[in-house]
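Have a look at the structure below before the remarks.
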C-alpha cells in the first residue's frame, strides 16, 4: 500500500493500494477541490470527496478500473487522469464464475504458534468458555414476546440485584414459531439457529424456553435431548400473574446456579470471535478490515476460532478465497454457499448489486465488487479451515467462513448461534450496533468518525490512512483489546450505554 510521503496535514494525500491500480483514494477529511495538484503532477479535474477515487491515468471507455490490483468495473465513457471516479462512471462486472475457481490450490501453511496469551473467562460443562455470565430465556414463538418483555423488567428490577456475579438476563425473542412452514426444507435454518442460540457459551448452559402451548415450534424442539425440564407453556397456567410468577421462579433457580460461577484464566485459544463490517466506506478495505485481518491471523496462531461471514460481501472476491481453503472439501463448501445464495437472490428477483447502500456510495464505494474486495480483508491470510451453513454451530478451531446474509442484525444473530463469545465490528459511516449476549468491539475506519463518535467507537484504525500507525500496530492493539474485553477488564461502549439490537432470524422458508 503506497501512501504519499506524509506532508503537512493540509497537503493533499492519497492512497494507492497496488502499483497496478489506476485509481487512488483521497485521504483528506474534507476532500480536495478541483485544481489541487499533487507533488507528482497529478491535478484534480473535479472536487473529489474524502474516500472517493481519483483516476491516476487516462482510462478508455470500456477499459478496466483497478483497485486492490483487481477489476472493480469498467469505465462508462472516457475517464481522464485526475477525474473523480464514482458509481456514475463505473460499470459493474459479473461475479466470478463458480465453476472456474482454483480450489484449495494454495492453502497457507499453519502459522507459528502464538503462545502465552490468556484471558479471564467462564468455563462451561461442555468445554466452551464464556466472556460473560448471562442467563438467557429463549422463546419458542413470537406470541410470548410481550410477556417476556414484561417479565424481564421485573427480573432486572427484583431478582438480578440479588445475584451480583450474573452480568445480565436476556430474552431471546423472535418472530418465528407460528404460521410458518415448519417442515419446509429451508425451515432448518431458523430452527437450528434458535436451537444453537440457547447454547451460546456466554449463557452457561442454563437453558429455559418459554412457549405459548399451541405453536408449531414446540419448546422441547429448542432444547438438547434430556433437558425438557427447561420448558414452560403459558397456556398451562391460570392467568397472566401466575405466568409471570412461574417465569420468575424458574429464572431465580438458574440465577442461583450462575451466581456461583467465577472467571478463571484460560488460553486465548478459547476465544470464538465473530467479525463483521457495517456502514462500510472506501477506507474499510484500507484500515480497519486489514487490521482486523492481521488480528485474525494472530488469533488463529493462538489457537482461537475466528468467523467471517456476509455471503454477498464475499461473492465477488470468492476467487481470492477458494485457493486458501485448507482442503478441497472446504473449497467445495465455499462454492456451495455462494451458489445457494445466488439462487436465493435470483428467486427474490434481485442481484448482489442491491447490497451496496447509499451510505456505502457516499463513503466512496462504487459497487459491490469494490465493497467485497475490502470486506474479505477481515479474513487475513490464514487457511480457511471450515465452512458453516447459516445457523450451524462451529465445530473446530481456526479461520471459519460462517455463511450469513450481510444484514448487520441477521449476521450477528447467526454468528451468535454458531457460538461466538466476542464480536468485532468495523465501520466507516458509524453505527450504535450492539448485542446483549456478547461484547461488540467497534473499530472505526477513519479518525474523523472516532473523534466525532468518541463515546461509541472502541478503537480507531484511522491512523493507518495517515501513516501514523501500521496495519500491524493496530492489529496488535485490537488483539490486546479483545483479551481485555473478554476478561471483563474493559467494557465496550455499546455495553456501557446498554445499546443492544434485537435478534433477527434468517428465514428463507415459506410462511403459511
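The values are calculated or read from the model by the stated rules, or taken from the named source; none is laboratory data. Just so it is clear, the structure is predicted and the values come from calculations on it, not from any experiment. Positions of Cβ are backbone-derived with ideal geometry, glycine not excepted, and every protein chain shown enters the neighbour counts.
For the stretch 160-170, indicate whether the set of residues that are surrounded by 15 or more Cβ atoms within 10 Å (Cβ to Cβ) and either in the same structural domain as residue 392 (by TED's automatic domain parsing) or without any contact (Cβ under 8 Å) to a residue 24 or more places away in the chain (or both) is non-empty. No, the stretch 160-170 contains no residue that is surrounded by 15 or more Cβ atoms within 10 Å (Cβ to Cβ) and either in the same structural domain as residue 392 (by TED's automatic domain parsing) or without any contact (Cβ under 8 Å) to a residue 24 or more places away in the chain (or both). Selection over the stretch 479-504 of residues that are more than 17 Å from residue 433 (Cβ to Cβ) and in contact with a helix residue (DSSP H, G or I) (Cβ under 8 Å, 6 or more places away or on another chain) gives a count of 4.
Considering the conditions (1) in contact (Cβ under 8 Å) with a residue 60 or more places away in the chain; (2) over 24 Å from residue 409 (Cβ atoms), residue 180 is excluded by exactly one of them, (2).
Each row is one residue, and each column tells you yes or no for (1) surrounded by fewer than 15 Cβ atoms within 10 Å (Cβ to Cβ); (2) under 30 Å from residue 385 (Cβ atoms); (3) touching a helix residue (DSSP H, G or I) at 6+ places or on another chain (Cβ under 9 Å); (4) not assigned by TED's automatic domain parsing to the domain that holds residue 324.
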| site | (1), (2), (3), (4) |
| --- | --- |
| 18 | yes, yes, no, yes |
| 22 | no, no, no, yes |
| 32 | no, no, no, yes |
| 44 | no, no, no, yes |
| 79 | no, no, yes, yes |
| 87 | no, no, yes, yes |
| 100 | yes, yes, yes, yes |
| 107 | no, yes, yes, yes |
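Among the residues making up the stretch 115-140, those that are over 24 Å from the mean Cα position of the chain (by Cα), outside any strand (DSSP E or B) and farther than 13 Å from residue 199 by Cα are 115, 116, 140. Of all residue pairs spaced 6 or more apart or on separate chains, those with beta-carbon atoms under 6 Å, a first member in the stretch 438-453 that is farther than 29 Å from residue 121 by Cβ and a second member that is surrounded by fewer than 24 Cβ atoms within 10 Å (Cβ to Cβ) and at pLDDT below 95 are 448/29.
If you go through the stretch 24-55, how many residues are in contact (Cβ under 8 Å) with a residue 12 or more places away in the chain, on the phi > 0 side of the Ramachandran plot and more than 28 Å from the chain's Cα centre (by Cα)? Result for the stretch 24-55: 1. Counting residues in the stretch 62-75 that are touching a helix residue (DSSP H, G or I) at 6+ places or on another chain (Cβ under 7 Å) and free of Cβ contacts under 8 Å to residues at least 40 places away in the same chain gives one or more. Any residue at all in the stretch 458-474 that's surrounded by fewer than 24 Cβ atoms within 10 Å (Cβ to Cβ), closer than 21 Å to residue 501 by Cα and within 17 Å of the chain's Cα centre (by Cα)? Checked the stretch 458-474: at least one residue is surrounded by fewer than 24 Cβ atoms within 10 Å (Cβ to Cβ), closer than 21 Å to residue 501 by Cα and within 17 Å of the chain's Cα centre (by Cα).
Please verify whether the stretch 281-288 includes one or more residues that are in contact with a strand residue (DSSP E or B) (Cβ under 7 Å, 6 or more places away or on another chain), outside any loop (DSSP other than H, G, I, E, B), closer than 30 Å to residue 444 by Cβ and assigned by TED's automatic domain parsing to the domain that holds residue 487. Within the stretch 281-288 (the criterion being in contact with a strand residue (DSSP E or B) (Cβ under 7 Å, 6 or more places away or on another chain), outside any loop (DSSP other than H, G, I, E, B), closer than 30 Å to residue 444 by Cβ and assigned by TED's automatic domain parsing to the domain that holds residue 487), the answer is yes, since at least one residue qualifies. Reported count of residues in the stretch 125-159, each being surrounded by fewer than 18 Cβ atoms within 10 Å (Cβ to Cβ) and under 17 Å from residue 266 (Cβ atoms), is 3.
Taking residues in the stretch 140-157 that are closer than 18 Å to residue 179 by Cβ, and partners anywhere that are part of a helix (DSSP H, G or I), the pairs with Cβ atoms closer than 7 Å and at least 6 places apart or on different chains are 140/219; 140/222; 144/234.
The lone criterion from (1) surrounded by 24 or more Cβ atoms within 10 Å (Cβ to Cβ); (2) farther than 30 Å from residue 342 by Cβ left unmet by residue 302 is number (1). Within the stretch 156-178, being assigned to a loop (DSSP other than H, G, I, E, B) and closer than 12 Å to residue 133 by Cβ holds for 163, 164, 165, 166, 167.
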